[in-house]
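Comments concern the structure below.
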């Protein structure tokens, strides 16, 4: 965690301690308003709205009429969905300080919360006529909130776009734009919008972040990584930018770069189980199984019920050929998440490598039954039977698979099985069918039977179907 974050946390905790002491003595009174602001903001961030309202109440008692604290209290009441009380408070503000834009915006929010959407939108439309650019942006953001509550995401997108046209740096508009783009499926427009914003303001971290999200959705991964990098370089405490950049790096297979992003998170922010899990995945992909296991264990220590962490501990043991230990880790994962076909298949493989063929067959079978639409688990079951020379049963499994799943690997597996049985003519016939269905998948045959890669007849058949 960065030094500034630690300092900020210590400062707020010291302030909370002072406040608690004052409460015990029934004498809550700070020398300046900043302390009240800091406490209210902290309790709001932590979703402790009753505590925030308590503090704002003391602030009002001490300061008498202060527009800021009255409006702050109205905001908190709206967050608690107490619209009627908020409107009562806004009436008081209007009586003492008429014509405030913030009062009208909060009133519109309250109307919307009470289901009075037409009145809310009409109020906001009336405010637009004499508003300056900054005020227009606030009005549009409020209007976007109303469309959000109505789940009219396309209209919300365009209203937020209008808000950003008035103020491209408005953090609330940029934050809400991030998720509405997803709902409204406006990723191409989002790219165009945010590219224009960052051209004019290259240090706009939220705009870079939104650009990264849309580029990632469009599978423009290199552009997404670059955008996320600019986001956290513009704002070095932008935790989500580091994490999202790492996620895209995992997709592209750049595990070293992903690891660098996750290590930045580990150094700068409060760690969590997911962070330890993802760091472990990077080390696992890089072949450093000992360090990977350490991070998976830290993930488990953080959250014992993370089945995926137990599974990856098993994966590391398996890659180190420590199959008995792998069995134990996989069993823990399955105990937490029984119906996971990948966990079941991995445990089957581990049992197979320990010589417990009965258990291996049981779990290969369960994996196939758990996800019958996925051909790879039928292939693993059939291949296990083939290796144990139970060829007729393997063919029966592939027949059953054909009723539930589709995939060229099923045909290549059937061909391999006939090769193993010594029925070469049938094997070559099925191979031709498989090559016709999906030539590019033919390496599946060699994974099942590496020896066939040098078979002259097999090579000849493959050559016939080789695309020009």
*Where a label projected 7 Å from the Cα of residue 390 along Cα→Cβ would reach, residues of the stretch 337-375 with amide N under 11 Å*: 357-365
*Cα gyration tensor category, rounded, prolate or oblate, for the stretch 372-468 with a/c compared to 1.5*: oblate
*Per the Kirkwood definition applied to all pairs of different Cα atoms, how many angstroms is the hydrodynamic radius of the stretch 1-148?*
16.8
*Debye-sum result for the stretch 104-150 in log10 I(q)/I(0), which assumes one identical scatterer on each alpha carbon, at q = 0.20, 0.23, 0.29 Å⁻¹*: -0.54, -0.70, -1.05
*For residue 441 and residue 49, what is the calculated FRET efficiency with R₀ set at 35 Å and r taken between the beta-carbons, to the nearest 0.05?*
0.05
*What percent do you get for the relative contact order of the chain when only Cα pairs under 8 Å and 6+ apart count?*
5
*So for the pair residue 155, residue 256, with labels modelled 7 Å out along Cα→Cβ, what separation do we get in nm?*
5.2
_As a footprinting exposure proxy, order 32, 301 by other Cβ within 10 Å, with the fewest listed first._
32, 301
*What nm value, rounded to one decimal, do you get for the distance between residue 353 and residue 424 when each label is placed 7 Å out toward the C-beta?*
3.4
_Show log10 I(q)/I(0) for the stretch 301-444 at q = 0.12, 0.14, 0.16 Å⁻¹, two decimals, from a solvent-free Debye sum over equal Cα scatterers._
-0.52, -0.69, -0.85
*Going by a ≥ b ≥ c, the root eigenvalues of the Cα gyration tensor, does the stretch 256-319 fall in the rounded group (a/c under 1.5), the prolate group (a/b larger than b/c) or the oblate group?*
oblate
*Can you tell me how much longer the chain between residue 91 and residue 31 gets when fully stretched, taken as 0.36 nm per residue apart minus their C-alpha distance, in nm with one decimal?*
18.7 nm
*Remind me, relative contact order of the stretch 56-199 in percent, using alpha carbon pairs under 8 angstrom and six or more residues apart?*
14
*Looking at the stretch 347-416 from every direction and averaging, what is the projected area of its Cα convex hull in nm²?*
4.0
*Roughly speaking, what is the stretch gain from residue 272 to residue 68, that is 0.36 nm per residue apart minus the C-alpha to C-alpha distance, in nm to one decimal?*
69.8 nm
*asked:* Could you list 312, 324, 442, 117 so that the one with the fewest beta carbons within 10 Å of its beta carbon is first and the one with the most is last?
replied: 324, 117, 442, 312
*State, to one decimal in nm, how far the label point of residue 319 lies from the label point of residue 226, with both points 7 Å from Cα in the Cβ direction.*
3.1
*For residue 61 and residue 285 in one chain, what is 0.36 nm times their gap in residues minus the Cα-Cα distance, to one decimal in nm?*
74.7 nm
*Take 218, 250 and order them by how many other Cβ atoms sit within 10 Å, fewest up front.*
218, 250
*Given Cα pairs under 8 Å that are at least 6 residues apart, what percent is the relative contact order of the stretch 372-468?*
23
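Readers should treat all values here as calculations from the given coordinates under stated rules, not as data from a laboratory. In this text, all values refer to a predicted model and were calculated from it rather than measured experimentally. When we count neighbours, we look across all protein chains shown, and the Cβ atoms used for this are built from the backbone with ideal geometry, even at glycine.
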